[in-house]
Amino acid sequence: MGSGWPAWKPTRNGQMFMKWKKLGKIFDPTDHALPNGCVEFAQSPQALVCTDFIRVYFATRQRDAIGKYVSHIAFVDFDRRLSRILGVSKHAAIEVGGLGAFDEHGIFPMSPVRDGDRVLAYTTGWNRKVSVPVDSSIGLAISTDDGRSFQKFGTGPVVTTSLHEPFLIADAFVALRGGTYHMWYIYGTAWAGDPPERVYKIGHATSADGVAWEKEGRQLIADRLGSSECQALPTVIHFDGCHHMFFCYRRQFGFRTDREGAYRIGYAFSDDFANWTRDDARAGIDVSPDGWDSDMQCYPSTFECDGNIYLLYNGNEFGRRGFGAAMLER
Amino acid sequence: MFSWRKLGRVFDPRDVDIDWMKDFAQAPSALVLDDRVRVYFACRPAADSNGQFVSYVAYVDFKRDNLLERINISKQRILPLGERGAFDEFGTNPASVIRNGAEVWMYYAGWTRCESVPFNAAIGLAISRDDGATFGRIGNGPVLSYSFDEPFVIGSPRIRKFNGTMYLWYVAGKRWIRGDDRPEPVYKIRMASSSDGIHWSKHGADLIDSVLEEDECQASPDVFFSKGKYHMFFSYRHTLGFKDRGRGYQIGYASSSDLRAWTRDDAKAGIAVSPDGWDSETISYPNVFDLDGSTYMYYQGNQVGKYGFGLARLEADS
């Protein structure tokens, strides 16, 4: 690569880092009228770049009749520089599931990907259980109106539990490459403690049609905090000859109240999609000394628009008061 | 038309004093051994303080040359329940076994408990290396789980092997209906095939037409090959009110030449409830097998096997 070696290109000597310019919090759910009477939470922002704007899907929350949360997917449209809000969806982008369905008690998050004239949405559906609070699986919904509304592909999930992934299948991110659909997602490995807390790791699956998936069946990203580390929401982007994965990670316990145990943004890179080298120090972004992302950073999502690479993410309290953005300095 | 001669009830869980086998002997499934026929079934300890049950797999052995003579019973649990949060944390019911080389493979429906509906189910695999006496899981998750067109309640597995391919007949939930007491699932008979017994390909269609109502529940599809075609005995009932007389399980029948297209004709099943006694209200969960020149059927009786299962012998199938 010679003199063109970019400053953020991962190298083995540990000297080069990415650098993100924080754009601050760009969306606060309490400033807007949201679908289904949702007031707080705008979690796991994920972008769909459209002709004249950037549509950002997020999960917001409603209280149900027994006082528990149900997550719904809404979206907000920004101009192509993420500097101005053009509008907020009046209806949920996808209906939650019916009685007994995998997504009966909420959808969070939703990941859009363009596939020809369609937009595919990979959803994480939640259903409540008795001995543990919840389980989840990954569903598919399809839009033919540029991401304004989605129809579910069946009432069940497209990726769910399997022999060595017994629960908590979630957080799909899908990319098409060379005619193959690649999915990065998370799977649960343990419930432990009282009340029970979960552990989950990042995995990878492939598909020829986006519907029938074959899991690779291994943990993709090495642990940094030991075997009980929780890894969530992988997002993958390719630039400058390298695949970059951002995700978030935390401790199994104390992550809600202890700043040190809370979500941070992790990073890994790969030359071949198969082998990933974790090196969180290269992520180039960390919590701020104060403000909306001072205790926690989570649910990252990267995308490119007009030659700029953006990172959307949530801050404190898992995005109760919205999401922010950062732009890669090149 | 099949013609079955009932040989009576062969096992009643009230006749044994095993605490985890207090109630129910459901879904009998036979494994023929050298000197005996081992019949697996699902049983339950007493209900917990909330009135809820778990279910275990057990077995009872009968003399091969006298299927009415019981010679052994599983005194210890042969498969523990699943781990916390897993699909089989609260039950393993029913089970179906098949020989695979020196091993015995058991496919079972695992049960978990949910908030808005009482339960969910998926199909697991456990393997025995001691001729079916004890089993261990090869993973903590299911081998056959939910999919976009089979959203929940994957249960009632029956494992068979034809022409080198392994087949699972099972049921898949279609929807939950709000009943008077609690939601009840509607489920239909489906099929999957596999070359190794671990990676399964779903056929993806209901196999058996419904006759009682659109929401007829179908269960326990038991398939065997005889006289040039495939035969399926299964159970069916109304979805709601199935504890009322006339709405509970009966045994149905269908046949097929290719395992995919099935013609239902319940009148040919040739077995129905008795005028009185242990199988006078409902019969269900048939398991048909050949033994030493005869064809037999195990099936469960009243109250979905609460008081055990019985045996019938095929007299004619003309």
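Some values worked out for this structure:
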| item | result |
| --- | --- |
| Matching strands (runs of 3 or more DSSP E) fully within the range B:213-266 where at least 3 residues are small (Gly, Ala, Ser) | B:217-226, B:250-256 |
| The range B:183-198 - residue that is among the charged types (D, E, K, R) and away from every other protein chain (no Cβ under 11 Å) and, of those, nearest to B:Phe242 (Cα to Cα) | B:Lys188 |
| Pick from the range B:133-155, criterion facing another protein chain (nearest Cβ under 7 Å) and in a strand (DSSP E or B), ranking: surrounded by the most Cβ atoms within 10 Å (Cβ to Cβ) | B:Phe152 |
| Criterion (within 22 Å of B:Arg160 (Cα to Cα), of a type in the set (Ser, Thr, Tyr) and in contact with a Ser or Thr (Cβ under 7 Å, 6 or more places away or on another chain)) met by exactly one of B:Tyr236, B:Tyr299 | B:Tyr299 |
| Cβ-Cβ under 9 Å pairs, at least 6 apart or on other chains, the range B:113-132 side at the interface with chain A (Cβ under 8 Å from one of its Cβ atoms), far side among the small types (Gly, Ala, Ser) and in a strand (DSSP E or B) | B:Asn120/B:Gly173; B:Ala122/B:Ala109; B:Ala122/B:Gly110; B:Ala122/B:Gly155 |
| Checking B:Lys161 against (1) charged (D, E, K, R); (2) in a strand (DSSP E or B); (3) within 14 Å of chain A (Cβ to nearest Cβ); (4) over 25 Å from A:Gly125 (Cα atoms), the condition it does not meet | (3) |
| Members of the range A:281-303 found to be of a type outside the set (Ser, Thr, Tyr) and surrounded by fewer than 16 Cβ atoms within 10 Å (Cβ to Cβ), listed by number | A:Ala281, A:Asp286, A:Pro289, A:Asp290, A:Gly291 |
| Residue within the range A:173-182 that is in a strand (DSSP E or B) and within 14 Å of another protein chain (Cβ to nearest Cβ) present | no |
| Unmet criterion (only one of (1) under 23 Å from B:Asp149 (Cα atoms); (2) in a loop (DSSP other than H, G, I, E, B); (3) within 12 Å of chain B (Cβ to nearest Cβ)) for A:Ser149 | (3) |
| Within the range B:273-318, tally of residues that are surrounded by fewer than 17 Cβ atoms within 10 Å (Cβ to Cβ) and either in a loop (DSSP other than H, G, I, E, B) or within 18 Å of the chain's Cα centre (by Cα) (or both) | 11 |
| Options B:Thr282, B:Thr239, B:Thr263: the member that is among the polar types (S, T, N, Q), at pLDDT below 95 and within 26 Å of B:Ala312 (Cα to Cα) | B:Thr282 |
| Top-ranked residue of the range B:65-92 - restricted to ones that are of a type in the set (A, V, I, L, M) and farther than 30 Å from A:Asp103 by Cβ, ranked as farthest from the other protein chains (Cβ to nearest Cβ) | B:Leu68 |
| Number of positions in the range B:52-69 that are under 23 Å from B:Arg129 (Cα atoms) and either out of contact with any Ser or Thr (no Cβ under 7 Å at 6 or more places or on another chain) or surrounded by fewer than 16 Cβ atoms within 10 Å (Cβ to Cβ) (or both) | 5 |
| Some residue of the range B:93-103 being away from every other protein chain (no Cβ under 14 Å), on the phi < 0 side of the Ramachandran plot, in a strand (DSSP E or B) and out of contact with any strand residue (DSSP E or B) (no Cβ under 6 Å at 6 or more places or on another chain) | yes |
| From A:Ile94, A:Ile73, A:Ile54, A:Ile85, residue being within 26 Å of B:Val153 (Cα to Cα) and among the aliphatic types (A, V, I, L, M) | A:Ile94 |
| Filter result (in contact with an Asp or Glu (Cβ under 9 Å, 6 or more places away or on another chain) and either crowded, with 21+ Cβ neighbours inside 10 Å or away from chain B (no Cβ under 14 Å) (or both)) within the range A:209-227 | A:Asp223, A:Arg224 |
| Enumerated strands (runs of 3 or more DSSP E) restricted to the range A:196-300, each holding at least 3 residues that are at pLDDT 95 or above and among the aliphatic types (A, V, I, L, M) | A:197-207, A:230-239 |
| Any hit, the range A:59-73, residues being at pLDDT 95 or above, basic (Lys, Arg) and under 24 Å from A:Phe303 (Cα atoms) | no |
| Any hit, the range B:67-79, residues being among the acidic types (Asp, Glu) and part of a strand (DSSP E or B) | yes |
| Which numbered condition B:Ser210 misses (of (1) assigned to a strand (DSSP E or B); (2) under 26 Å from B:Glu281 (Cα atoms); (3) free of Cβ contacts under 8 Å to residues at least 60 places away in the same chain; (4) among the polar types (S, T, N, Q)) | (1) |
| Yes/no for B:Ala192 being among the hydrophobic types (A, V, I, L, M, F, W, C), over 18 Å from A:Gly154 (Cβ atoms) and within 18 Å of the chain's Cα centre (by Cα) | no |
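Residue-wise test of (1) more than 14 Å from chain B (Cβ to nearest Cβ); (2) surrounded by fewer than 21 Cβ atoms within 10 Å (Cβ to Cβ).
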{"residue": "A:Arg81", "(1), (2)": "yes, yes"}
{"residue": "A:Val88", "(1), (2)": "yes, yes"}
{"residue": "A:Leu99", "(1), (2)": "no, yes"}
{"residue": "A:Met110", "(1), (2)": "yes, no"}
{"residue": "A:Asn127", "(1), (2)": "no, no"}
{"residue": "A:Val132", "(1), (2)": "no, no"}
{"residue": "A:Pro157", "(1), (2)": "no, no"}
{"residue": "A:Pro166", "(1), (2)": "no, no"}
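The values are calculated or read from the model by the stated rules, or taken from the named source; none is laboratory data. Since the structure is predicted, the reported quantities are computational estimates derived from the model, not experimental observations. Note: ideal-geometry Cβ built from the backbone for every residue, glycine included; neighbour counts use all protein chains shown.
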